[in-house]
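The values are calculated or read from the model by the stated rules, or taken from the named source; none is laboratory data. Worth saying up front: this structure is predicted, and the values here are computed from it rather than measured. Because the Cβ atoms are built from the backbone with ideal geometry, glycine has one as well, and the counts that use them run over all protein chains shown.
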């Protein structure tokens, strides 16, 4: 597989990308604001990158599947 195939932006899922960017932003801002001791901006960005990367890996490994019952009868139990 070529590197160009891996960087194919036509297949990029923008919904997931927005989700990961929001996660990165929230964690980075929370890391800067919440602690009482001073946190360097670089360390807050690292924490945000680790959190959003972990979230994206979990999202890829364990995606959310919705299974619909193909039999739509009401259960009597």
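Would you check which residues across region 26-42 are surrounded by 13 or more Cβ atoms within 10 Å (Cβ to Cβ) and assigned to a helix (DSSP H, G or I) and list them? Scanning region 26-42 gives 26, 27, 28, 30, 31, 32.
Is it the case, given these coordinates, that residue 73 is closer than 30 Å to residue 15 by Cα and either modelled with pLDDT of 85 or more or assigned to a loop (DSSP other than H, G, I, E, B) (or both)? The answer is no for residue 73.
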